[in-house]
Amino acid sequence: MKIKGVLIEEKAENALRTCLQRIPFLTIEKIVREARDGTGESMFDLVATICLGQKRLRIIAEVKNNGQPRVVRSAISQLKRYCENSSDVYCVFVAPYISPQAAEICINEGVGYLDLAGNCRLSFGEVYIEQRGNPNPYSEKRDLRSLYSPKAERVLRVLLNNPEKFWRFQPLAEETEVSLGQVSNVKTLLENREWLITSNDGFRVKDPDSLLEEWTKNYNFKRNIARNYYTLKTPAEIENDLAEECDRIKVNYAITGFSGAARYAPMVRYQRAMVYVANELDIITSRLSLKEVTSGANVTLLAPYDEGVFYGRRDVDGIQVASPVQIYLDLMNMKGRGEEAASAVLNKVIKQGW
């Protein structure tokens, strides 16, 4: 694999060398890529031979293009098969970025780690180096784009809205209206993060909190097309009128944002109605006498970036309200008191189902 045109193994070698050179009493004899052991059977991505005083030590590194927990555990297992029988070897896992969760796995297993963002923990002999907190410079990497694409998000909505249900590929593909390949891809990405439970009955989310947190960071509310309007009616009145009109002409809709949150957590206050409307916006706004404005709006209608936003909507007092998960994602992208309202929905509704 290459990162910006450079082999990851080359970047890993440079990162390891830079880290070791910070130790004044350590001498690097050599670092070899794709080295075999004495029997010629085992291949290692990197082997660094170093000297600590009169003692020689080898650092064996496994380099992966993915630092997710499942990949880390697999690499550690491979490293340990060799290191357990060698007293002069220290094992290190290297990846473009290693999350705190993956780092803890390495620490618990007694294996060092190093990433290309500068985070590391090496502990052997008299040496102890640790650096944490550097952000992930590869956050836009392919697996994130795959996991949080519109079609993949349909799968996430189903899993988070049905946290206790075990799914098999075909029923999940039918429920989400995506391909079997898409479901398989999302499952693999979630397994790499160790966010799934798998049994004979299928699979379901194991760590919904972590999944929702990462999704929130990668969710872009601005993919929706927003149109702002003004009406003399109150937000509650226009929501009722809009619901009746959408039902009459058979158009999918769902209240979201602060107005949606108020349906689940009544302590949330709002002055603007916000509604996803699948189509026929011009007809609906004309019949409701909504005036499109550039400022002072008290109604926002959203043309959704994907039909998946309607999944899990609920009937609350005769009005379709977006799922608590969808409302949470939307609110976390809103200025003002968006996070506060999102927190109310998370604690009072979403977590009650987890």
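Being exposed (fewer than 12 other Cβ atoms within 10 Å of the Cβ) and part of a helix (DSSP H, G or I): is that true of residue 217 here?
Spelling it out, residue 217 is indeed exposed (fewer than 12 other Cβ atoms within 10 Å of the Cβ) and part of a helix (DSSP H, G or I).
Charged (D, E, K, R), in a helix (DSSP H, G or I) and not assigned by TED's automatic domain parsing to the domain that holds residue 165: is that true of residue 330 in this structure?
yes
Check residue 333 against each of (1) among the polar types (S, T, N, Q); (2) more than 25 Å from residue 173 (Cα to Cα); (3) out of contact with any helix residue (DSSP H, G or I) (no Cβ under 6 Å at 6 or more places or on another chain) and name the one condition it does not meet.
(3)
Restricting attention to region 232-278, report how many residues are assigned to a helix (DSSP H, G or I), of a type in the set (D, E, K, R) and within 18 Å of residue 346 (Cβ to Cβ).
Matching residues across region 232-278 total 1.
Here are some conditions: (1) part of a strand (DSSP E or B); (2) surrounded by fewer than 17 Cβ atoms within 10 Å (Cβ to Cβ). Residue 188 meets all but one. Which one does it not meet?
Here residue 188 meets the rest and fails (1).
Looking for whichever is surrounded by fewer than 23 Cβ atoms within 10 Å (Cβ to Cβ), aliphatic (A, V, I, L, M) and either outside the structural domain of residue 151 (by TED's automatic domain parsing) or within 27 Å of residue 207 (Cα to Cα) (or both) here; the options are 342, 278, 273, 261. Which one fits?
Only one candidate passes the filter, namely 278.
Scan region 192-214 residue by residue and report those that are hydroxyl-bearing (Ser, Thr, Tyr) and not in a helix (DSSP H, G or I).
Matches in region 192-214: 198, 199.
Does region 223-232 contain at least one residue that is without any contact (Cβ under 8 Å) to a residue 24 or more places away in the chain and over 15 Å from the mean Cα position of the chain (by Cα)?
Yes, some residue in region 223-232 is without any contact (Cβ under 8 Å) to a residue 24 or more places away in the chain and over 15 Å from the mean Cα position of the chain (by Cα).
Given the criterion free of Cβ contacts under 8 Å to residues at least 24 places away in the same chain and either surrounded by 21 or more Cβ atoms within 10 Å (Cβ to Cβ) or not charged (D, E, K, R) (or both), identify the matching residue among 235, 266.
Answer to the selection: 266.
Could you tell me which numbered condition residue 187 fails, if it satisfies all but one of (1) over 24 Å from residue 280 (Cα atoms); (2) at pLDDT below 95?
(2)
Looking only at region 205-257, how many residues end up being charged (D, E, K, R), touching a strand residue (DSSP E or B) at 6+ places or on another chain (Cβ under 6 Å) and assigned by TED's automatic domain parsing to the domain that holds residue 286?
Residues meeting the conditions: 2.
So which residues in region 327-348 are at pLDDT 95 or above, under 16 Å from residue 300 (Cα atoms) and not acidic (Asp, Glu), if there are any at all?
327, 331
Between a first residue in region 49-75 that is within 17 Å of residue 24 (Cβ to Cβ) and a second residue that is surrounded by fewer than 22 Cβ atoms within 10 Å (Cβ to Cβ) and among the polar types (S, T, N, Q), which pairs have beta carbons less than 9 Å apart while being 6 or more apart in sequence or on different chains?
Note: pairs meeting the criteria are 50/27; 51/27; 52/27; 57/49.
Going residue by residue through region 290-306, is there one that turns out to be surrounded by 13 or more Cβ atoms within 10 Å (Cβ to Cβ), in contact with a strand residue (DSSP E or B) (Cβ under 9 Å, 6 or more places away or on another chain), in a helix (DSSP H, G or I) and at negative phi?
Within region 290-306 (the criterion being surrounded by 13 or more Cβ atoms within 10 Å (Cβ to Cβ), in contact with a strand residue (DSSP E or B) (Cβ under 9 Å, 6 or more places away or on another chain), in a helix (DSSP H, G or I) and at negative phi), the answer is no, since none of the residues qualifies.
The values are calculated or read from the model by the stated rules, or taken from the named source; none is laboratory data. Just so it is clear, the structure is predicted and the values come from calculations on it, not from any experiment. Because the Cβ atoms are built from the backbone with ideal geometry, glycine has one as well, and the counts that use them run over all protein chains shown.
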